[in-house]
Amino acid sequence: MDRVRHSNTMMSVLRWYNGTRLKRAGSERSATAILTHVGRRSGRTYETPLGAWAYGDGFVLSLAYGSGTDWCRNVIAAGTCTLAWKGQTYQLERPEIISGRQVLRAWPVWEQIALGAAGIEDFLWMHRKKEQAGGSEQPLVQDGAQ
């Protein structure tokens, strides 16, 4: 499965697909979020379309290509990022790589099936910045809720 996901043909298709997703990503009706992050070496700002879902006091971001991707390494190095999701923008911090069925259950059923079929089991959990959360520890959704 990894060989197929990382083949040159698949990577070309994904670059094209991500470019088209970026046009609608982050909007109220889009299933795709936009992650804005800063390059750890270049200092440039990047926007990456990806799967995200509310989880606990923040969001889980799908690691379709693992934690070695540039966007994930950039976010971990910076410790912060911005996420545009369902028409709103969130300031996030404290990245944690997590995995397991409990995290997968936070996603809608149709996405659980797609993520499972693609073999995606690892996620990056980002917490909302405390001042944005109003100082409250109230979760966006209960763990495992849909």
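Looking at segment 37-70 only, could you name the residues that are of a type in the set (Phe, Trp, Tyr) and surrounded by 20 or more Cβ atoms within 10 Å (Cβ to Cβ)?
Matches in segment 37-70: Trp53, Tyr55, Phe59.
If the requirement is being open to solvent by less than 70 Å² (accessible area, probe 1.4 Å) and at pLDDT below 75, which of these qualifies: Leu14, Leu83, Leu92?
Every option except Leu14 fails the conditions.
The values are calculated or read from the model by the stated rules, or taken from the named source; none is laboratory data. Computed from a predicted model, the values in this text were never measured in an experiment. FYI the Cβ positions are ideal-geometry reconstructions off the backbone, even for glycines, and counts take in every protein chain you see. What goes into the accessible areas is simple: the full protein's heavy atoms, side chains included, and nothing from ligands, DNA or RNA. Shrake-Rupley method; radii C 1.70, N 1.55, O 1.52, S 1.80 Å.
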